[in-house]
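One structure is given here, and the rest of the page talks about it.
The values are calculated or read from the model by the stated rules, or taken from the named source; none is laboratory data. Everything numeric in this text was worked out from a predicted model, so none of it was measured. Reconstructed Cβ throughout: ideal geometry from the backbone, glycine too, with neighbour counts over all protein chains shown.
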Amino acid sequence: MVSAEKPLKIALLSYRGKPHCGGQGVYVHHLSRALTELGHHVEVLSGQPYPVLDDRVPLHQLPSLDIFNDAHPGRMPGFWEIKSWADAAEVGSFMTGAFSEPLAFSIRAWQMLRSRMGDFDLVHDNQSLGYGLLAIEREGLPVLGTIHHPITVDRQLELEHARTLVERLGKRRWYSFTRMQARVARRLHRIITVSESSRDDIARDQKVPRRLMHVVPVGVDPKLFRPLANAVRRPEQIITTASADVPMKGLRYLLEAMAKLRTERDVRLVVIGQPREGGATSEAIASLGLSQVVEFISGVPDERIVELYATSSAAVVPSLYEGFSLPAIEAMCTGTPLVATTGGALPEVAGPDGQTCISVPPGDSEALAAAVGRVLDDPAMAARIGAAGRERVISRWSWRHTAEQTAEHYRALLGEWRPNR
């Protein structure tokens with residue numbers, strides 16, 4: 001058993017990790033750094049796109065066949081690319097129409113770790129939840145899993161927004177991997193999730209026993225995400241983050257709200273993220289006549305994102321559902337007044353309506369337009385909400401707190417670990 005004082009050796013798994021947008025890359029970057037600063041040894045195993053890590057954190061690249069890359073999503077690999085059992089599993093799963101990365105990555109992680117079992121005290125999986133994790137446990141390494149929110153929620157929202165029967169059937173096949181994730185989650189010894197809302201939804205949708213799940217919120221760096229003294233907020237600029245071009249993020253409703261606002265005032269929208277070429281978002285922008293007033297920005301460092309928040313008059317989280325919402329606390333930490341829906345954990349995160357944010361129902365473009373209009377029309381209220389939002393974040397969330405609580409669960413897992421349960 002590892003003593004309570006001894007630093008831990010952790011293998012942190014992430015099947016993909018975009019560096020500057022999307023929760024997985026951000027989570028892995030900041031958690032691994034904060035754990036290292038607490039004295040633990042962390043090594044990250046990741047598929048592409050690879051996360052950007054602190055120089056003290058080794059990265060082991062476990063490349064997938066990159067079937068779902070940004071340039072050519074859904075490409076069919078050549079037979080000469082299939083060089084391992086994991087490659088075969090990835091292609092075979094893809095050929096059935098399923099999202100194949102989590103399963104294949106978990107197999108690659110198992111194949112690597114089986115030769116390094118004595119180098120780590122435990123494995124921490126960041127929501128791949130593939131069958132390879134069970135093989136890792138059978139080899140003798142305990143596994144702790146993080147579930148940010150149940151992907152079954154994404155599945156349901158995608159099915160509800162499918163435009164044709166063919167698209168609906170395709171979405172069902174794509175999300176078939178969620179059955180694997182639920183089975184694996186139920187067999188792990190300990191699960192971390194990021195909010196009480198997510199815990200409730202995971203228990204309901206994935207039937208994971210509540211006794212296995214423990215809430216550890218994610219964090220923010222208040223020294224980086226801060227108000228900028230010399231920045232001037234542009235009265236016409238609104239900012240949002242859409243890390244994935246999917247219905248769950250609710251960007252369509254914000255675009256509709258923008259079209260309504262444009263009838264009364266000169267406003268523009270900055271989106272941290274990248275749309276799919278020919279996807280629903282691009283179609284919506286064209287049909288609403290917003291091509292000249294919506295700007296997408298991706299692949300920029302956090303410092304640039306802070307500048308964009310600092311020069312925006314309102315930040316909006318229009319999501320239909322969030323398991324936590326890093327964009328919400330990052331915006332609040334910069335003192336930018338926040339408009340957010342009440343989807344999922346957002347009320348738990350953003351706080352009371354009218355005090356630390358302006359709350360609206362999810363999927364309501366009229367309410368979004370009205371809320372943004374209130375912020376733009378009342379600078380004094382906006383400044384008050386922005387300042388209160390920053391205080392809420394500073395008093396509750398930091399990556400150091402996240403790392404400290406996570407390490408407590410590592411030790412609890414090691415204390416209760418019984419191989420071959």
Report task. Report yes if some residue within the stretch 397-415 is basic (Lys, Arg), modelled with pLDDT of 95 or more and touching a strand residue (DSSP E or B) at 6+ places or on another chain (Cβ under 7 Å); otherwise report no. Result -> no
Query raised in the report: Does residue 89 satisfy the criteria of being touching a residue at least 40 places away in the same chain (Cβ under 8 Å), in contact with a helix residue (DSSP H, G or I) (Cβ under 8 Å, 6 or more places away or on another chain) and either part of a helix (DSSP H, G or I) or aromatic (Phe, Trp, Tyr) (or both)?
Result: no
Report task. Out of 408, 404, report the one residue that is under 28 Å from residue 202 (Cβ atoms), without any contact (Cβ under 8 Å) to a residue 24 or more places away in the chain and outside any loop (DSSP other than H, G, I, E, B). Result -> 408
Query raised in the report: Taking the stretch 128-141 as the search range and keeping residues that are assigned to a loop (DSSP other than H, G, I, E, B) and in contact with a Pro (Cβ under 8 Å, 6 or more places away or on another chain), which one is farthest from residue 206 (Cα to Cα)?
Result: 140
Query raised in the report: Is one or more of the residues making up the stretch 305-322 free of Cβ contacts under 8 Å to residues at least 24 places away in the same chain and in the same structural domain as residue 379 (by TED's automatic domain parsing)?
Result: no
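Among the residues of the stretch 39-84, how many are touching a residue at least 24 places away in the same chain (Cβ under 8 Å) and part of a helix (DSSP H, G or I)?
The initial filter retains those residues of the stretch 39-84 that are touching a residue at least 24 places away in the same chain (Cβ under 8 Å), namely 39-54, 57, 60, 62, 64-65, 67-68, 70, 73, 84.
Still in the list and also part of a helix (DSSP H, G or I): none.
The number of residues fulfilling the criteria is 0.
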Report summary line: Turns out the strands (runs of 3 or more DSSP E) fully within the stretch 295-360 with at least 2 residues that are under 19 Å from the mean Cα position of the chain (by Cα) are 312-317, 338-341
Report summary line: Per the list (1) aliphatic (A, V, I, L, M); (2) within 30 Å of residue 128 (Cβ to Cβ); (3) at pLDDT 95 or above; (4) crowded, with 22+ Cβ neighbours inside 10 Å, residue check on residue 239 breaks on (2)
Report summary line: Expected single match for aliphatic (A, V, I, L, M), outside the structural domain of residue 252 (by TED's automatic domain parsing) and in contact (Cβ under 8 Å) with a residue 60 or more places away in the chain among 144, 134 is 144
Report task. Give 345, 340, 315, 328 a once-over and let me know the one that is touching a Cys at 6+ places or on another chain (Cβ under 6 Å) and either of a type in the set (A, V, I, L, M) or over 16 Å from residue 381 (Cα atoms) (or both). Result -> 340
Query raised in the report: Taking residue 216 and the conditions (1) free of Cβ contacts under 8 Å to residues at least 60 places away in the same chain; (2) in contact with a His (Cβ under 8 Å, 6 or more places away or on another chain); (3) among the β-branched types (Val, Ile, Thr), which numbered condition does it fall short on, given that it satisfies the others?
Result: (1)
**Report entry** Looking only at the stretch 152-196, and only at residues there that are touching a residue at least 60 places away in the same chain (Cβ under 8 Å) and of a type in the set (Asp, Glu), the one that is farthest from residue 216 (Cα to Cα)
**Finding:** 160
Requested in this report: Go through (1) hydrophobic (A, V, I, L, M, F, W, C); (2) modelled with pLDDT under 95; (3) crowded, with 20+ Cβ neighbours inside 10 Å one by one and return the number of the condition residue 105 breaks.
Outcome: (2)
Query - All positions within the stretch 379-401 that are in a helix (DSSP H, G or I) and surrounded by 17 or more Cβ atoms within 10 Å (Cβ to Cβ) - result: 382, 385, 386, 388, 389, 390, 392, 393, 399
**Report entry** Residue check, residue 290 over 19 Å from residue 381 (Cα atoms) and either touching a Leu at 6+ places or on another chain (Cβ under 7 Å) or at pLDDT below 95 (or both)
**Finding:** yes
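Look at the stretch 124-136 and say how many of its residues are on the phi < 0 side of the Ramachandran plot and crowded, with 22+ Cβ neighbours inside 10 Å.
Filtering the stretch 124-136 down to residues on the phi < 0 side of the Ramachandran plot leaves 124-126, 128, 130-136.
Filter once more, so that each one left must be crowded, with 22+ Cβ neighbours inside 10 Å: 124-126, 128, 130, 132-133, 136.
Residues meeting the conditions: 8.
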Query raised in the report: For the stretch 86-97, does any single residue satisfy the condition of being among the acidic types (Asp, Glu) and farther than 29 Å from residue 274 by Cβ?
Result: no
Report summary line: Quick count over the stretch 202-255, residues being touching a strand residue (DSSP E or B) at 6+ places or on another chain (Cβ under 8 Å) and assigned to a loop (DSSP other than H, G, I, E, B), is 7
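Being of a type outside the set (S, T, N, Q), out of contact with any Gly (no Cβ under 9 Å at 6 or more places or on another chain) and within 26 Å of residue 247 (Cα to Cα): is that true of residue 369 here?
On the way: of a type outside the set (S, T, N, Q): yes; out of contact with any Gly (no Cβ under 9 Å at 6 or more places or on another chain): yes; within 26 Å of residue 247 (Cα to Cα): yes.
Yes, satisfied.
Restrict the check to the stretch 133-150 and report whether at least one residue is farther than 23 Å from residue 411 by Cβ and within 20 Å of the chain's Cα centre (by Cα).
Step one: list which residues in the stretch 133-150 are farther than 23 Å from residue 411 by Cβ, which gives 135, 149-150.
When the remaining residues are screened for being within 20 Å of the chain's Cα centre (by Cα), the result is 149-150.
Among the residues of the stretch 133-150, at least one is farther than 23 Å from residue 411 by Cβ and within 20 Å of the chain's Cα centre (by Cα), which makes the answer yes.
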